[in-house]
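Values quoted throughout were computed directly from the atomic coordinates according to the rules given, and no laboratory measurement underlies them. Here the structure is a predicted model, which is why all the values come from computation and not from measurement. Note that each Cβ is placed from the backbone with ideal geometry, even for glycine, and that neighbours are counted across all protein chains shown.
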Amino acid sequence: MAVTEVISAKLKESFSPTHLEVVDESDGCGAKISVIIISEEFSGKNMLKRHKAVHAVLKDELPNIHAFSQKTHTPAEWAKKQQQS
């Protein structure tokens, strides 16, 4: 199973996202991954707590990834961001 599929499955299971994007930006080798995850689970948490929660879920995968970027939003934050775009 590709690293993006593993990450997607774990994030879906842990956060029940309303929107999830997992992109391998390294041409398929899995060394550079970016994630956008929209979940109500992030309500009331600052960015650091959100990122720590994602890192905790992906603790087995992150040591094998050279670059990992994440954007974590609540559905309300995401809707507002989409309106501004």
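Brief remarks follow.
- C-alpha long axis of helix 47-57 to longest principal axis of the chain, angle in °: 40 degrees
- Förster radius 22 Å - calculated FRET efficiency between Asn64 and Leu20, Cβ distance, rounded to 0.05: 0.65
- Set of region 41-59 residues, backbone N closer than 18 Å to the point 7 Å along the Cα-Cβ line of Gln84: 43-48
- Region 3-84: relative contact order as a whole-number percent, Cα under 8 Å and 6+ apart: 31 percent
- When only the Cβ of Lys, Arg, Asp and Glu is charged (+1, +1, -1, -1), the dipole of the chain relative to its Cα centre reaches about 440 debye.
- Spin-label model distance (nm) - Ser43 vs Glu13, 7 Å beyond Cα toward Cβ: 2.5 nm
- In degrees, nearest ten, helix 3-15 long axis to first principal axis of the chain (Cα): 30 degrees
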